[in-house]
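Q: For reference, the structure I am asking about is given below.
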Amino acid sequence: MYIFENMIDKELQQFYNIAKEKAEYWLSLLFESCGSPIEKKFIGHFYSFFLKEGHPIQHNLLYPKGMWTINDKTGKSINVAYYSIENEHGFALEFDGHDLKNAQIFDEYIREELMYWGFTMHSSGIKYHIIPQYPVFDNSIIKFLDFGVFAYDLKNNEIGRFDIECDGHEWHSTKEQLKADNIRSRFLSKNSFHPIRYSGSEIYAMNDETVLELENMMYKYIFKKESDLYQLRKY
């Protein structure tokens, strides 16, 4: 009996180790896609909260839509993954794996060059797709969001867009900073993104309560009422 139980314990430990390695792998890709340490701290709290709560999390990879060949500094010809994203006006943002910092990875299992494209999680009947350093483009203007968040209903219809900004300092106060913030806000509004901003001190003090409030804030913006998860945890 002891030998049988010992075998089960070893198998469980093996499964645990595999799951742990897989989680660390995806988390490392998530962190590499972030633009700053404070963004890593923010998304680490957000990710771990929903993982602890048992919400399904799916990681997303972009497959190259084409390949091109360029020459590096040594004159050697190399292949670079090429991507294209198109908006509703038909304007395409084209970039390669080097254009987005630390976004290019190589998957040893399928031997393809891929781009990590954030993760998807479900909460209160909504699917949220969270993408670090998401590029928003409008004609010739391209701006990168700290985190682009897309909300979908059960039929996979898009029902909301959010821009989560992590400021490494307190709120902008100079005339130049305020002007830049206003220009950015109009740009986001034009592209249907609702901004949510956190100061550095808020992120360093972040806990489960902060993440719960954020989830409820996004849900309430869409449906004008509190989320199921928020009501369950708060009342």
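The values are calculated or read from the model by the stated rules, or taken from the named source; none is laboratory data. These numbers come from a predicted model, not from an experiment. Neighbour counts are summed over all protein chains in view; Cβ atoms, including those assigned to glycine, are modelled from backbone coordinates with ideal geometry.
Q: Being at pLDDT 80 or above, over 26 Å from Glu226 (Cα atoms) and in contact with a Phe, Trp or Tyr (Cβ under 9 Å, 6 or more places away or on another chain), is that true of even one residue in the stretch 191-213?
A: No, the stretch 191-213 has no match at all.
Q: Considering only the stretch 28-58, state which residues are free of Cβ contacts under 8 Å to residues at least 40 places away in the same chain and closer than 12 Å to Pro132 by Cβ.
A: Residues satisfying the conditions are Phe31, Lys40, Gly44.
Q: If you don't mind, another one. Can you pull out the residues in the stretch 205-234 that are of a type outside the set (Asp, Glu) and within 19 Å of the chain's Cα centre (by Cα)?
A: Those that are of a type outside the set (Asp, Glu) and within 19 Å of the chain's Cα centre (by Cα): Met206, Asn207, Thr210, Val211, Leu212, Leu214, Asn216, Met217, Met218, Tyr219.
Q: Another question, then. Does Tyr63 satisfy the condition of being modelled with pLDDT of 50 or more and surrounded by 13 or more Cβ atoms within 10 Å (Cβ to Cβ)? Please lay out each step first, then the result.
A: Working: modelled with pLDDT of 50 or more: yes; surrounded by 13 or more Cβ atoms within 10 Å (Cβ to Cβ): no.
No; evaluated as a whole, the condition is false for this residue.
Q: Out of the stretch 169-212, which residues are charged (D, E, K, R), touching a residue at least 12 places away in the same chain (Cβ under 8 Å), surrounded by fewer than 14 Cβ atoms within 10 Å (Cβ to Cβ) and assigned to a helix (DSSP H, G or I)?
A: Those that are charged (D, E, K, R), touching a residue at least 12 places away in the same chain (Cβ under 8 Å), surrounded by fewer than 14 Cβ atoms within 10 Å (Cβ to Cβ) and assigned to a helix (DSSP H, G or I): Lys190, Asp208.
Q: Can you give me the ranges of the strands (runs of 3 or more DSSP E) entirely in the stretch 97-151 with at least 1 residues that are within 21 Å of Asn216 (Cβ to Cβ) and modelled with pLDDT of 90 or more?
A: By residue number, 112-123, 126-138.
Q: Which residue, of Ile78, Ile164, Ile183, is modelled with pLDDT of 80 or more and farther than 28 Å from Tyr47 by Cα? So that I can check it myself, show each step before the final result.
A: Numbers: Ile78 fails: modelled with pLDDT of 80 or more; Ile164 fails: farther than 28 Å from Tyr47 by Cα.
Answer to the check: Ile183.
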